[in-house]
Structures are given as structure tokens and as C-alpha cells.
1. Among the residues in the stretch 292-309, are any modelled with pLDDT of 95 or more, in contact with a Pro (Cβ under 8 Å, 6 or more places away or on another chain) and surrounded by 13 or more Cβ atoms within 10 Å (Cβ to Cβ)?
2. Could you pull out the residue among D197, D140, D176, D164 that is in contact (Cβ under 8 Å) with a residue 12 or more places away in the chain, in contact with a Cys (Cβ under 8 Å, 6 or more places away or on another chain) and not assigned by TED's automatic domain parsing to the domain that holds E248?
3. Go through (1) under 17 Å from N251 (Cα atoms); (2) under 15 Å from the mean Cα position of the chain (by Cα) one by one and return the number of the condition P183 breaks.
4. Restricted to the stretch 136-159, and to residues that are at pLDDT 95 or above and in a helix (DSSP H, G or I), which residue is surrounded by the fewest Cβ atoms within 10 Å (Cβ to Cβ)?
5. Examine the stretch 276-299 for a residue that is small (G, A, S), out of contact with any Gly (no Cβ under 9 Å at 6 or more places or on another chain) and at positive phi, and state whether such a residue exists.
6. Considering H50, H93, which residue is buried (at least 21 other Cβ atoms within 10 Å of the Cβ), touching a residue at least 60 places away in the same chain (Cβ under 8 Å) and in contact with an Asp or Glu (Cβ under 7 Å, 6 or more places away or on another chain)?
7. Please list, ordered by residue number, the helices (runs of 4 or more DSSP H) wholly in the stretch 227-312 having 2 or more residues that are of a type in the set (F, W, Y), in contact with an Asp or Glu (Cβ under 9 Å, 6 or more places away or on another chain) and more than 25 Å from V29 (Cα to Cα).
Amino acid sequence: MTDTSFTPRVFSGIQPSGNLTLGNYLGAVKRFVDMQNAGIETIYCMVDMHAITVWQDPADLKRNTRELAAAYIACGLDPAKSILFNQSQVPAHAELGWILNCVTRLGWMNRMTQFKDKAGKNAEKMSLGLYAYPSLMAADILIYKATHVPVGEDQKQHVELTRDIAAKFNHDFKVDFFPQPEPIIDGAGTRVMSLRDGTKKMSKSDPSDLSRINMTDDADTIAKKIRKAKTDAEPLPDNMDDLADRPEARNLINIYAGLSGQTPADVIKEVAGQQFGQFKPLLADLAVAHLSPIADEMRRLMDDVSEIDRILGDGANRAAEIAEPILAEVFDIVGFVRSR
């Protein structure tokens, strides 16, 4: 249960590592917009400090940060309603991150599965930042005393770690200071899978561009990728249970549901009995109608990066107005001398 003594506040962020995909949109940004329009204070970040846990070309990082900001806005995030900024412009994230490094237990970090997945057999060659970034993610959330965190299923473990860190900080210093943030994981598209392999998550790092729909793809490219998406020879059933062993078919139904705002169960009732030769054109038309205006608006916004930078600077100022007083209280709780 979320602690009702804390003001409801939403925080989430995405790494600006380029090629925002349909998976990022349905799994995160679309839900960011829904929460913005639900009347709760919303803070959305481009987590550029997380991005550098693996090597980033500096010019690419700047471009990708601005492109992600353009995607946020094009998808419906309103800088007047939500606070939009890039993480590195609010130093309080890193300052709280260090304090939480000293609260977080090594055993907790060793249980984080994403480091093992990303590092593989090369763990010894990975950066300390990649290993420790869940602690910084906790700081991202707690520096705003956020109570709700919309995330994909793969990030749920990190929000649970944030809850553990908040509880330990409160216990160690005998305060009721940080809330227990709730991960918000709902909707048909929270985990969009590869168009080439329905058992793998759609990823911008997949070598095959046909495995994903990029938010910058034009209408013809979107239609082509859906037409070439891997499927099976069976017609669509009339219930989701019969898709349990058909990952590619289930993925396409989930994508249709995410784009149309329906439940997968409602979609499957509508298209039951159809072969993929009938269903794919329906999905392609829906995807093009939904995504092409977003891509067009992203291109328009990227033609004026000075306006994007203005929005990010304004958002950083508004974020800092919330974060800095919270950080000052943390310094007092921890026992830091503050005389300037």
C-alpha cells in the first residue's frame, strides 16, 4: 500500500540511448501521458546519467536526449502539465545517489538481474556505474518523494529495491521521511516483444531493424515491418488462453490492444478466426494511423533544438525546486554540516 501521508506524485524516466521503439511507447510513454491527464503531479526525466553507464558518444548522447524529449512531447506530454527535464541538469539526483549508495546493501545489488543480463560473461569489464545504477534509480525516485512509478515489468525489481532502500533509510535514521513508491504496471503493451521472436523483448539493440518499430519510422516502413512480422499458420482463436503457446500471435494481439486502447480479450473476440493475412493489414493501418503523426511531430520539434533545450532547462528548474529542499532535509538527517 502507498503511504497516504505523502502527496501523490509520479516519477519515471527513460534512457536517451537512441531509437525509441514501439515497446518504449506502449510500455512507458503512453502510460506517462495517461497519468499526466489523471490529475496527479507528474515528473518525467531523460536519465542521461544512467545512459553513460555504458560508453556513449558525446554528440550522440546530446542528440538522443533531445530526440527523447521530442518524443515525450510528440506523444502527448505537455511541458505545462508535466515537468520534463534531463537528469544531469538536477545535481540532487547524484548527491542523493551517493548517500543511498551508503544505505544500500551489497547483497541487494548482487540480486539485481539486469546487471547480469547486460554484463553477461564480461562483468569484470563493466563500469561500476552499470553495477550500481539501481541505487541511482532509487535516488531519482526518492529525491521527489514520488509515490507512483510507471515502469515496464523488467524494471519492477528496481522499484522494489527502491522500497527497501527507503525503508532502511527511514529505519537507520529513525524517521518517516521517504515514502514506499508503488510500481505501476498495467495495460496490454507493458511488455512488447520482438517482431522476429515473440519470446524476446522488443529492443533497440537488436541487430535486426525488422525486429522493432522505431518511433521515427515512416508509414511505409511501419507497414512493411508488420507485414514481415513472424507469425504461425493457425487462425486466430476466440480466447487468449489458446495463444499461450503462440508467442508471436500473442504479441501482435497485445500490440493491437495497446494501440487501440482495448483489452487483448476484446481484440481476440473481434478477430477470432482470421488468418494473419487478414489481421496484419488491420494492425498495420492502426499502427500507421497512431504512430505516423508522432513521428511527424518529432521531426518538426527536432528542427528547433533551441526550443527543446528551453523546455528542458525550464523543467530542470522546476524539478530542482522540489528536489533541493528534500536533499537539504536528507543532509540534516544524515548529519552533514551545512554552513553555506
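The values are calculated or read from the model by the stated rules, or taken from the named source; none is laboratory data. Treat the numbers as computed from the prediction; the structure is a model and nothing was measured. Cβ sites come from the backbone with ideal geometry, for glycine too, and all protein chains shown count toward neighbours.
1. No, that holds for no residue.
2. D140
3. Of the numbered conditions (1) under 17 Å from N251 (Cα atoms); (2) under 15 Å from the mean Cα position of the chain (by Cα), the odd one out for P183 is (1).
4. Selected residue: L136.
5. no
6. The match here is H93.
7. By residue number, no helices (runs of 4 or more DSSP H) qualify.
For (1) over 21 Å from the mean Cα position of the chain (by Cα); (2) within 20 Å of D48 (Cα to Cα), each residue gets a yes or a no:
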site	(1), (2)
N64	no, yes
L68	no, yes
D78	no, no
L84	no, yes
S88	no, yes
H93	no, yes
V103	yes, no
